[in-house]
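Values in this text are rule-based calculations from the coordinates and carry no lab data. These numbers were taken from a predicted model, which means no experiment stands behind them. Please note: Cβ atoms are built from the backbone with ideal geometry, for glycine as well, and neighbour counts cover all protein chains shown.
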Amino acid sequence: MEPENATDEAPNSPTTAVDRTAWVQSLFIQHSSRIRGYITALTPSLGFVDDVFQETFLTVSAKAGSYDVERDFLPWACGIARFKVMEAGRRAGRAWRPLSPDVIEALCACEPETAPEIEDGLLGHLEKCVKKLAPQSGKIIDMFYQQSHKPAEIAKHLGWTVASVYVALSRARTMLKQCVETRMQVERGSR
Amino acid sequence: MNELQLQKLLDKYLSGALNEEERTELERTLLISPAARAQFWGTAHFHAGLARWGQESWGKKIAEPLVRPRLFGILRASRQRSVRIVALAASVILVAGISFMMLRQPAAERATSGVAIVAMTADAVWRSGGNDTREGQIVNPGRFHLESGLVQIEFFNGTRLLAEGPADFEILSAGKAYCHSGRLRFHVPPRAHGFTVDSPALSVVDVGTEFGIVVSSGTSPEVHVFEGLVETRIPGRSDPPVPVRTGQAIRAVANAIESIPINLKAFADEKEITRRASKTARGELDSWKSAARQLSLDPTALFHLNFEDQAAWTRTIANRANPASSASLPANIVGCRWSEGRWPGKRAIQIRSSGDRLNIDVPGKMNAVTLFASLRVDAPLVGYRSLLSPDSKEPGALRWGISDQGCLRLGIAMPSKTAEPNWEVVLSKPVITSSQIGRWISLATTFDGKEVRHYLDGELIAKGWARSPGSLIIGGAEIGNWIESGTRQLPATIDEFMVLGRALSAEEIRAHASARPRAGL
């Protein structure tokens, strides 16, 4: 990221390239939870999400000069994130593959808004719901989501087949979703 | 495909378990069915929420004191986030003498959800004890007392406020400011229309413009419109607002608004603040150069990269430490790009991809050490990030870095019966947080053989006792990366790096860190 020439800036943008980069970065940080969620959805390997997120930030910073202040920031940043996911997928080779570009395009055209307060509420409920899981299910969720272990590694550690880890993960997710939804309904009812 | 079948495929996709046939089936369904795409997002958002929960709860776990006898369940030899930390933590099972001492609440922690950013300052002097107003600082609503100089604050909605000291003003919200006294100039882009500036005797609502407001005791408050339109009114009165257009000015006198000639020169503009900031930066660069030269000549200086006087094509960087010493080996650049440092014209090196690093060699043994780096973190840090990692794991080897939680960390290798040493570790509390991104900071750590001290921007942020194996070593080492790992690079721009064979005093650290950094990339 070489510094850009301040004199090229449009009159309505922040004063210099330096200012605009700092400003765009602060927007990124404001929306980081949404952008990270977006990358997580499109990167079917949790271990790579951090790297794609970081790459996205660097590219957003480098392209700050081309961000049009009149446009919404989030779709612009998510557009960059999308390319970074595909780029990382190409680099990852056999380790993981993103969905095909056409499918990602179609998906991104319809991504619904998720209000940040729901996300924050979700986290609080998840904390409690994970504790209610059966010990083995809780362990699998911990290993997959907290420690970013791959299903094959979890299987090896537990002495299970990989297929049974997939099934257990899927069941645990379903139970967690039901638990969170129930808690949210109760919360809404008590307001 | 029904909902249940699709859910099964989505679950497999999120677990990374799709085979080719299933992938084709899932992709085809997602392409043709809007309902399937909605189901994808419902499932994916929940999965992303779980991932965020996982990351945050993992963060809480590892932030607990490291003196617990066993930290985590299993170890894994691959590259991912958890294991980077697990491996470190496991190597730190013997961590006697760790103590935390926070001497100041990091300003960065408080300001992650602000409404504006301090974009530029020129000779700004603030009344002491106020909000943190360094360049690059994200600011929350609050009151600002600028005694002299110029400062530009940029709101997230694009509004720019240029204050000229002395000025006393308040940011009330993302779209509202209050001028107690002084000269403030505002530029409000179309998306921020409606931005309001109040003062004791005059209220201004922007309708798309650039205007200045001046408030001082003993004279009537004035509004000058350089471009566009504002609506003005006297607070507390029900009169209709008075429009003021390009080239017009008004003042409030005895509960009435009257026209006055516009004074275009009464308010500093962005050109002026940029010119003054550049002049200040040149002066700062010169004084830093002279201070850096003195440190290079310190008899205990072992290694000092100031990145100056280097050709743009060179792939080695001169070690300026103690030029009389024959041990002054240069650093070798691997992959990094040349970039600009704290000031215009200051050279720096940028670490970005996982291959980037500087290879150095600091021969010899020390009884005490100072590690110093001036850098700008360019991206959120995930996992342990290395400032300095020696190849050696011999007793006395020093590992310096930033932990997953943004803590400055020094590890000292202690003898062990296995190939992996026991690491004596002293951590600060989290100080390198997301709001530090894009801001020049200095980090320093000293160890006098008994006590480790960590500094941020010249201020002591933590100290803790640590054992020493007798002598300390660095030898062959990497700056900004770690040869053992795939993704340990520190995504940062570094414009100074120094190793001294003695523990600099707090005053010496403060003096060298006082070269004032500027913000931005």
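Using a 10 Å cut-off around each Cβ of peptide B:38-45, what is the average number of partner chain Cβ atoms that fall inside? Show your work: numbers first, answer last.
Values: counts 4, 0, 7, 8, 3, 3, 8, 10.
Counting other chains' Cβ atoms within 10 Å and averaging over B:38-45 gives 5.
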(message) Can you report the principal axis dimensions of the range B:283-513 using only the alpha carbons, biggest first, rounded to whole angstrom?
(response) 49, 39, 31
(request) Provide B:Arg357, B:Arg320, B:Arg467 in ascending order of the number of other Cβ atoms located within 10 Å of each residue's Cβ, fewest first. (result) B:Arg467, B:Arg320, B:Arg357
(request) Order by neighbour count: A:Val186, B:Val334, B:Val215, fewest other Cβ atoms within 10 Å first, most last. (result) A:Val186, B:Val334, B:Val215
(message) Please compare each pair in B:Lys417/B:Lys463; B:Lys365/B:Lys450; B:Lys176/B:Lys279 to a cut-off of 26 Å on the Cα-Cα distance and tell me which ones are over it.
(response) B:Lys417/B:Lys463; B:Lys176/B:Lys279
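Can you check what the net charge comes to around B:Ala256, using other residues whose Cβ is under 10 Å from the Cβ of B:Ala256 (Lys, Arg +1; Asp, Glu -1)?
Result for the neighbourhood of B:Ala256: 0.
Given a Förster distance of 22 Å, report the FRET efficiency between B:Ala312 and B:Lys289 from their Cβ-Cβ distance, rounded to the nearest 0.05. Write out the running numbers ahead of the final one.
Numbers: r = 19 Å, r/R0 = 0.86.
It comes to 0.70.
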(message) Sort A:Asp102, B:Asp448, B:Asp404 by Cβ crowding within 10 Å, fewest neighbours at the top.
(response) A:Asp102, B:Asp448, B:Asp404
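Rounded to the nearest 20 Debye, what is the dipole magnitude of the range A:116-189 about its Cα centre when Lys and Arg each give +1 and Asp and Glu each give -1 at the C-beta? Don't jump to the answer; show the numbers that get you there.
Numbers: 11 positive and 8 negative charges, 74 e Å.
Dipole about the Cα centre, nearest 20: 360 debye.
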(message) To the nearest 20 Debye, how big is the dipole of the range B:131-277 about its Cα centre, given +1 on the beta carbon of each Lys and Arg and -1 on that of each Asp and Glu?
(response) 100 debye
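Tell me, what is the percent relative contact order of the range A:116-189, built from C-alpha pairs under 8 Å that lie six or more residues apart?
Relative contact order here is 36 percent.
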(message) Can you compute the FRET efficiency between A:Val167 and B:Lys417 using 1/(1 + (r/R0)^6), with r the Cβ-Cβ distance and R0 = 30 Å? Round to the nearest 0.05.
(response) 0.10
(request) Set the Förster distance to 25 Å, then compute FRET efficiency between B:Ser259 and B:Ser217 from the Cβ-Cβ distance, nearest 0.05. (result) 0.65
(request) Work out Dmax and Rg for chain B from the C-alpha atoms and quote the Rg first, both in angstrom. (result) 27.8, 86
(message) Let me confirm one metric for peptide A:169-175, namely the mean number of other chain beta-carbon atoms within 10 Å of its residues' beta-carbons.
(response) 4
(request) Please give the average number of partner chain Cβ atoms lying within 10 Å of the Cβ of each residue in A:27-37, rounded to a whole number. (result) 4
(message) List the lysines whose Cα sits under 27 Å from the Cα of A:Lys131, skipping any in the same chain fewer than 8 residues away.
(response) A:Lys139, A:Lys150, A:Lys156, A:Lys177, B:Lys8, B:Lys12, B:Lys60, B:Lys61
